[in-house]
Amino acid sequence: QVQLVESGGGLVQPGGSLRLSCTASGGILVINRMAWYRQAPGKEREWVATITRAGITDYADSVKGRSAISQFVNTVILQMNSLKPEDTAVYYCNADIMSSGRIWGQGTQVTVSS
């Protein structure tokens, strides 16, 4: 069974940095796209960043310029810098995997607070 497991969340002070990781497992996978989404309390889930199989990246305006998404085999990394309190949310990994469809991770909490 294909699954995504996130790690790297936690408590960080405003202006700090955080590195989120997500690894896909479950056999030999062909991953077409990996992405990060987030959901803050009382708000809808929103897209944060995407990286395609070709290495093309894209970012939401809210994180553009202070975030970087990268992929190494079955692992996607989201490096976030200059964190703000409004970045506080549960961050979810998402992947489009051939023969498995769109898969979601369980989420990891990021809290930005002094």
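Some notes on this structure:
- Applying both filters, DSSP loop and at most 13 other Cβ atoms within 10 Å, to the trypsin sites (Lys or Arg not before Pro) of the range 16-114 gives LYS43, ARG53, LYS64.
- Note: relative contact order over the chain, using C-alpha pairs below 8 Å and six or more positions apart, is 37 percent.
- Carbon plus sulfur fraction of accessible area for the chain, probe 1.4 Å, in percent: 51
- Per residue, the chain exposes 52 Å² of solvent-accessible protein surface, assessed with a 1.4 angstrom probe and all protein chains in place.
- Relative contact order of the range 1-62, defined on C-alpha pairs under 8 angstrom at six or more residues apart (%): 23
- DSSP beta bridges in the chain [antiparallel fraction, %, rounded to 5]: 95
The values are calculated or read from the model by the stated rules, or taken from the named source; none is laboratory data. Here the structure is a predicted model, which is why all the values come from computation and not from measurement. Counting neighbours? That spans all protein chains shown, and the Cβs are built from the backbone with ideal geometry, glycine included. When the accessible area is computed, the model is the full protein with side chains, heavy atoms only, and any ligands, DNA or RNA have been set aside. Shrake-Rupley method; radii C 1.70, N 1.55, O 1.52, S 1.80 Å.
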